[in-house]
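Working notes, beginning with the structure itself.
The values are calculated or read from the model by the stated rules, or taken from the named source; none is laboratory data. Just so you know, these numbers come straight off a predicted model, no measurement behind them. We place every Cβ from the backbone using ideal geometry, glycine too, and count neighbours over all the protein chains shown.
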Amino acid sequence: MWQLATARRFAALLRSRTSDDSGQAAIAMALGMFLIGIPMMLAVFDGGLLLNDRRDAQNLVDRAAMAGAMELALDASDTGATAEEVAEEWVLRNGGDFGADDISIVTTNACYSASDPVVSGVTVSISRDAPTFLAGAFGLDLRSGASATACAGVPIEYFGIFPLVVAAQGLLGTCFGLDGLPIPGADCEVRVDGSENGLVGELSIAYPGDEGTVPCSDSGAGASDLEQNYIHGIQAWCAVGDEVSAKPGQNIQKTFDGIKGRLALEGSCDAAYAAEGRSLGDLQDAWGALDSYLEDYPDYEHEGLRSSDVTGPIPGLGDGIDDFYEIWATDDLTKPAGNLTPLPCPGYEGENNSPRNIVLIVVNDTFDTSGKKYTILDFVRVYLEGCTRTANNGTSEFRRDCGWNNLGSGKLTIHARYVHQVGAPASNLGLTPLMLGDREVFLLR
């Protein structure tokens, strides 16, 4: 019997100890959860404080940079000192502490091109101690901060542009005066053979046909795409600041084929010009005024455009060519290429337009053969005058319709009379000689 009693007492003792251990484990678990959970909650709280402070810092630098860039937009001659002062004042008025915080305010020329010598934007950066609860208790110093760059420029967007990309330097000396500003109505000679210091390139982008549009930043198009882009224009919305792929002289033959095919679609401006009540005499008077204006312009020298066929530089009504003054009208023959107003000229691509009314992309860097990306600085509108084919023996001939059967082994020069920058011809923006537009302010992302 004593064995049974001993066994029962031992079992009761085990139950007692098991119950005590279970209770102690529950208490230990609860205590552990408390000790772990509270720090986790505090860490989440610290994270919220950090995110909120970063958001406040971003708002501060965004607005300060915009304020500085606005000063650049209002004063095109500002070299950056005043813009920095305006940004600094904004920081001080909105909680920035130059004594406690690490704050940097600098002007930049990298909004459009790293090689641009002109101040085009303001960069504001801030780094400061972040407000914390748990991290501070453990002696951890967390930093919060943000940076923003605001630019003064012309963020315009254009559809159906000509797939010819010109470095700003590529037009200097042909349609620009000694002051670096374009001469209205002057002939800009654009060599596309890739040998002229890499100043002209062709945009590499697919032509979607009837399938819609493509991104302007696409690359890798074939020769047939290039020809169609010349004929119909790039089926993409391209904007200042976009990065595009271009090469000098990528396919000269397809360039020639595309331009010839484009000009084969013209002719509707003849009837539209006559319908406006204008005559051949009006047309010739305007051309005569432009010739006199350019001859008297002190910085402009040009040999004139030689013709190999009846479609020469001097136009006539009904000749099937959309003339410069059949597309744009001028009511002041003392300024024959200034303040031009567009005339209705329906027919090309179903639009009120002419295939000679083209827009070029302008970048600020010279081109290389690797097909690198270039940043769009601006767009410039020109009148596609015609082409010069130069043989290997140096003989040149000009045709307004670029209508030779083939280019052969010759070099191709496109003649394009300067009209204006796409935005507005009112004021000199200063980033490049082509930047002639209203200045706007935008954040660079």
**Study point:** Which listed residue is crowded, with 17+ Cβ neighbours inside 10 Å and at pLDDT below 85, from 75, 53
**Key:** 53
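Of the residues 231, 252, which is out of contact with any strand residue (DSSP E or B) (no Cβ under 9 Å at 6 or more places or on another chain) and among the β-branched types (Val, Ile, Thr)? Steps first, please.
Details: 252 fails: out of contact with any strand residue (DSSP E or B) (no Cβ under 9 Å at 6 or more places or on another chain).
Residue meeting the stated conditions: 231.
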Check your understanding: Which residues, taken from segment 323-367, are of a type outside the set (Ser, Thr, Tyr), outside any loop (DSSP other than H, G, I, E, B), at negative phi and out of contact with any strand residue (DSSP E or B) (no Cβ under 9 Å at 6 or more places or on another chain)?
Key -> 326
Review point. Taking segment 271-288 on its own, how many of its residues are out of contact with any strand residue (DSSP E or B) (no Cβ under 9 Å at 6 or more places or on another chain) and outside any helix (DSSP H, G or I)?
Key: 2
Check your understanding: Can you find even one residue in segment 57-72 that is of a type in the set (Asp, Glu), at pLDDT 80 or above and not in a helix (DSSP H, G or I)?
Key -> no
Check your understanding: Give me the pairs: first residue in segment 249-270 and on the phi < 0 side of the Ramachandran plot, second residue among the charged types (D, E, K, R) and assigned to a helix (DSSP H, G or I), beta-carbon distance under 6 Å, and six or more apart or on different chains, which are they?
Key -> 254/227; 257/227; 258/227; 269/326
**Study point:** Residue check, residue 367 within 16 Å of residue 163 (Cα to Cα) and of a type in the set (Phe, Trp, Tyr)
**Key:** yes
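Return yes or no: is residue 220 over 28 Å from residue 346 (Cα atoms), in contact with a strand residue (DSSP E or B) (Cβ under 8 Å, 6 or more places away or on another chain), modelled with pLDDT under 85 and assigned to a loop (DSSP other than H, G, I, E, B)?
Numbers: over 28 Å from residue 346 (Cα atoms): yes; in contact with a strand residue (DSSP E or B) (Cβ under 8 Å, 6 or more places away or on another chain): yes; modelled with pLDDT under 85: yes; assigned to a loop (DSSP other than H, G, I, E, B): yes.
Yes: the conditions hold for residue 220.
Restrict the check to segment 342-350 and report whether at least one residue is touching a Phe, Trp or Tyr at 6+ places or on another chain (Cβ under 7 Å) and modelled with pLDDT under 80. Spell out how you get there, then give the answer.
Applying the first criterion (touching a Phe, Trp or Tyr at 6+ places or on another chain (Cβ under 7 Å)) to segment 342-350 yields 342-343.
This time we only want the ones that are modelled with pLDDT under 80, so: 342.
The answer is yes, given that some residue of segment 342-350 is touching a Phe, Trp or Tyr at 6+ places or on another chain (Cβ under 7 Å) and modelled with pLDDT under 80.
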Review point. Do you know which of the residues in segment 140-183 that are aliphatic (A, V, I, L, M), out of contact with any Ser or Thr (no Cβ under 6 Å at 6 or more places or on another chain) and part of a loop (DSSP other than H, G, I, E, B) is modelled with the highest pLDDT?
Key: 161
**Study point:** Filter pass, residue 96 being modelled with pLDDT under 80 and not polar (S, T, N, Q)
**Key:** no
